[in-house]
Amino acid sequence: MAVLAFNRKAKYDYEILETFEAGLVLKGYEVKSIKTGRVSLQGAFVTIKNEEAFLTNANIPPYQPKNTPPDYNPTQSRKLLLHKKEINSLMGKTRQKGLTLVPLRVYAKKGKIKLGFGLAKGKKKADKREIIKKREVERQINRALREGS
């Protein structure tokens, strides 16, 4: 399972409660572009419309710009392949206050392109500061231990 793209800001901005896996409906030139690692999940999110899930605002630039169709939009919505029961449970969970679906990573599994996304709750600014302080304290402790030995 090779990770092709990772959303670094997701774990910083959100508290991930549950993770899911879905297939992506893509065109051939999009698959080639993703497999070369040219995909960005920055600012992307998962939406559910008419009992179908979509990856919205993910940027997949064309693999060969001269060979792609002229009407190609790199940030278009792409359909996610999920079972009806999964979509219905996600719809119920996202209706709760403060919960959203955030893409975490894009990876290849058995030759197929998959999207790992999570049910997330947004973090407050104070929570983010607290995490940074903890990280700084751990670094200082590790430095002191290395210098002392």
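A few remarks follow.
- Qualifying positions in region 14-46 - in a loop (DSSP other than H, G, I, E, B) and either basic (Lys, Arg) or closer than 14 Å to Lys114 by Cα (or both): Val25, Leu26, Lys27, Gly37, Arg38, Val39, Leu41
- Just so you know, in region 1-51 the residues that are touching a Pro at 6+ places or on another chain (Cβ under 9 Å) and hydroxyl-bearing (Ser, Thr, Tyr) include one that is surrounded by the most Cβ atoms within 10 Å (Cβ to Cβ), and it is Ser33.
- Qualifying residue in region 103-114 (condition: loosely packed, with under 13 Cβ neighbours inside 10 Å, of a type outside the set (Val, Ile, Thr) and on the phi < 0 side of the Ramachandran plot): yes
- Residue check, Gly98 exposed (fewer than 10 other Cβ atoms within 10 Å of the Cβ) and in contact with a strand residue (DSSP E or B) (Cβ under 6 Å, 6 or more places away or on another chain): yes
- For region 123-132, the count of residues that are surrounded by 14 or more Cβ atoms within 10 Å (Cβ to Cβ) and either of a type outside the set (Lys, Arg) or touching a residue at least 24 places away in the same chain (Cβ under 8 Å) (or both) is at least one.
- In the set (1) modelled with pLDDT under 85; (2) in a loop (DSSP other than H, G, I, E, B), Lys11 fails one condition alone, (2).
The values are calculated or read from the model by the stated rules, or taken from the named source; none is laboratory data. Note that this is a predicted model, so its numbers are computed, not measured. In this analysis, Cβ positions are derived from the backbone assuming ideal geometry, glycine residues included, and neighbour counts consider all displayed protein chains.
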